[in-house]
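Shown next, in structure tokens, is the structure this report addresses.
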Ligand SMILES: Cc1ncc(COP(=O)(O)O)c(C=O)c1O
């Protein structure tokens with residue numbers, strides 16, 4: 001007799017009225033393949049856990065974003081936000097699609113150069129640019145976005161020494177009606193700091209003020225806030241034109257568009273509540289088009305969109321280590337990845353799907369990682385089919401910030417695989433080895449030996 | 001461990017406890033186990049029957065069975081749970 005597929009016995013109280021209210025069925029529909037590649041085979045070949053990036057999804061998402069803006073505005077340029085995901089293969093997909101690079105540190109600047117991005121297509125943001133890094137950026141004609149006055153004066157000095165006119169923009173922070181207001185970066189609009197900084201640059205004439213920049217927040221759910229920001233930057237650009245007869249070449253709206261993830265504690269599923277690229281594009285382009293620019297003097301619109309362009313393309317595959325019953329009766333499932341690998345589980349209720357077929361029975365569970373720490377919770381409450389040891393899961397929409405903010409803690413970080421347009425898998429970052437961590441350690445000679 | 005004798009089972013996995021008015025949903029294996037418990041079968045018999053029918057080894061199943069029975073107790077579907085309540 002052929003034995004049947006086994007599934008752990010489960011029983012769950014039915015709460016009349018709450019049943020199926022949120023139509024959660026799709027949450028645990030099994031996902032057995034990613035772009036034609038079997039989850040099980042990927043894990044066998046590259047080890048568990050494993051990050052998988054869909055090149056197809058990146059290109060489609062970026063094309064969708066480009067379409068939303070370019071059908072509404074004549075001059076649009078995306079710049080890939082390196083901090084969001086700076087694995088080189090990922091960056092290069094964006095560069096192949098025409099994106100410039102947006103970096104916030106010397107390290108990221110070096111990465112962009114290494115990837116072959118021309119210096120004048122690198123936007124250098126952030127409050128901490130070292131003198132040597134600024135020198136290099138000036139040499140390469142990069143777009144330097146000034147964050148504070150100390151930096152402004154340092155660039156002035158470097159420009160005089162180098163006998164070059166650096167291309168600069170200022171970062172402007174402002175009240176866009178959303179809370180919290182990000183006022184620690186750049187110069188404030190409302191209190192006149194921004195206009196003051198502009199005058200300092202224009203009157204001094206050692207630098208070329210080519211742009212105005214703002215980044216009003218991250219995971220923004222209100223397109224109207226971008227409309228306000230675009231109006232204020234346009235107003236500054238028009239004031240510069242009026243006072244100095246100078247055209248500002250570009251307005252950079254930064255990043256911050258929400259992805260389709262669900263913020264922790266949010267009642268609505270992100271996929272239903274996050275605005276589309278079209279909604280953000282409509283708010284931004286309408287504001288610039290209505291600001292009063294002469295048509296052939298419309299500034300280039302730069303976007304540094306990060307998470308909304310890469311979240312969907314990333315998945316984390318993992319394996320069940322064990323099941324437990326907590327003292328209060330809840331099921332606890334322990335996975336082989338924790339908050340060290342999946343940093344964004346601090347922000348999001350990530351969607352998790354089983355990677356094998358199941359019946360329609362489900363149970364409520366807590367998903368834990370393998371770290372010996374209380375904070376290591378992947379989902380505080382999730383409805384899943386009964387998972388058993390060695391079963392696999394797919395965590396969805398993890399492309400942003402995980403492969404840059406992951407922590408090396410008590411184990412080695414996993415490999416990253418990219419599935420190309422023809423559904424072929426390529427390793428784009430090897431699983432770490434002991435040497436990746438210890439390679440830079442130095443043990444003083446007198447500590448090399450001991451007897452136990 | 002004894003399951004309450006008066007609970008009602010449907011073939012679709014719907015479980016009803018008339019003494020509390022609570023209803024529950026269980027999967028096919030859960031249903032089979034509850035049926036066997038109702039018939040008064042011993043743990044050993046249940047294990048043998050499931051292992052014969054499904055692709056699972058005895059040690060793994062024993063763990064799941066233990067956990068399932070614990071859950072039945074938590075949901076007050078067992079006689080012992082009933083007694084402890086008094
Ligand atoms: C200056 C700047 N640009 C772009 C981004 C990307 O933001 P997001 O991933 O929210 O789109 C950030 C992220 O914090 C940023 O600081």
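Each reported figure results from applying straightforward, stated rules to the coordinates on display, with no laboratory input. Computed from a predicted structure; not experimentally measured. With ideal geometry, Cβ positions are generated from the backbone for all residues, glycine too; neighbour counts draw on all protein chains shown.
What percent antiparallel are the DSSP beta bridges of chain A, to the nearest 5? Of all bridge pairs located within chain A, approximately 40 percent are antiparallel. Taking every DSSP helix (H) stretch of at least 4 residues in chain A, weighting each as -39,500 (n - 2.57) and dividing the sum by the residue count yields a mean residue ellipticity at 222 nm of -8500 deg cm²/dmol. Protection proxy ranking, highest mean first, for peptides A:377-387, B:24-34, A:291-301: B:24-34, A:377-387, A:291-301, where packing is the per-residue count of other beta-carbon atoms within 10 Å, averaged. Cut-off is 10 Å between beta-carbons; in what order do A:335, A:397 appear when sorted fewest neighbours first? Ascending number of Cβ neighbours within 10 Å: A:397, A:335. The value of relative contact order for chain A, using C-alpha pairs under 8 Å at least six residues apart, is 20 percent.
Taking square-rooted eigenvalues a ≥ b ≥ c of the alpha carbon gyration tensor, is the range A:100-244 rounded, prolate or oblate, where a/c under 1.5 means rounded and, failing that, a/b exceeding b/c means prolate? It is oblate, given that a/c is not under 1.5 and a/b is not larger than b/c.
To the nearest 10 degrees, how steep is helix A:149-162 against the longest Cα principal axis of chain A, on a 0 to 90 scale? So the inclination is approximately 60 degrees.
A Gaussian network model of chain B, with springs between Cα atoms under 10 Å, assigns the largest mean-square fluctuation among B:64, B:11, B:22 to B:11. If you average the C-alpha positions of the range B:27-73 and of the range A:231-309 separately, how far apart do those two centres end up, in angstrom? For the range B:27-73 versus the range A:231-309, the Cα centre distance is 60 Å.
At an R0 of 51 angstrom, the distance between the Cβ atoms of residue A:29 and residue A:75 translates into a FRET efficiency of 0.75. With R₀ fixed at 35 Å, the C-beta to C-beta distance from residue A:183 to residue A:374 puts the FRET efficiency at about 0.55.
Averaged over the residues of A:101-110, the number of partner chain Cβ atoms lying within 10 Å of the residue Cβ comes to 0.
Structural descriptor for the range A:55-311: relative contact order 20 percent, calculated from alpha carbon pairs under 8 angstrom and at least 6 residues apart.
As a rough footprinting exposure proxy, the listed residues A:148, A:350 were ranked by other beta carbons within 10 Å of their own, and the order from fewest upward is A:148, A:350.
Between the beta carbons of residue A:196 and residue A:272, assuming R0 = 41 Å, the FRET efficiency works out to 0.40 to the nearest 0.05.
Dividing the C-alpha radius of gyration of the protein assembly as shown by 2.2 N^0.38 Å, with N its residue count, gives 1.21. Normalising the average separation of contacting C-alpha pairs (under 8 angstrom, six or more residues apart) by the number of residues puts the relative contact order of chain B at 31 percent. When peptides A:239-249, A:193-203 are sorted by average Cβ neighbour count within 10 Å, with the highest value leading, the order is A:193-203, A:239-249. Axis angle, to the nearest 10 degrees, between helix A:55-70 and the longest C-alpha principal axis of chain A: 40 degrees. Look at the stretch B:7-16: the mean tally of other chain Cβ atoms within 10 Å of its residues' Cβ atoms is 1. When every Cα-Cα distance of chain B is counted in 10 angstrom steps from zero, the calculated P(r) takes the values 17, 53, 27, 4, 0 percent. Look at A:109, A:189, B:54 and count the other Cβ atoms within 10 Å of each Cβ; fewest to most, that gives B:54, A:189, A:109. Using only Cα coordinates, the Kirkwood hydrodynamic radius of the range A:55-311 works out to 18.5 Å. Shielding value for B:23-35 is 5, the average number of Cβ atoms from other chains within 10 Å of each residue's Cβ.
In degrees from 0 to 90, rounded to the nearest 10, what is the angle of the helix B:28-38 Cα long axis to the longest principal axis of chain B? Tilt relative to chain B: about 70 degrees. Mean projected area of the Cα convex hull of the range A:96-139, taken over all directions, amounts to 2.9 nm². Modelled label positions at residue A:244 and residue A:447, each set 7 Å beyond Cα in the direction of Cβ, lie 5.3 nm from each other.
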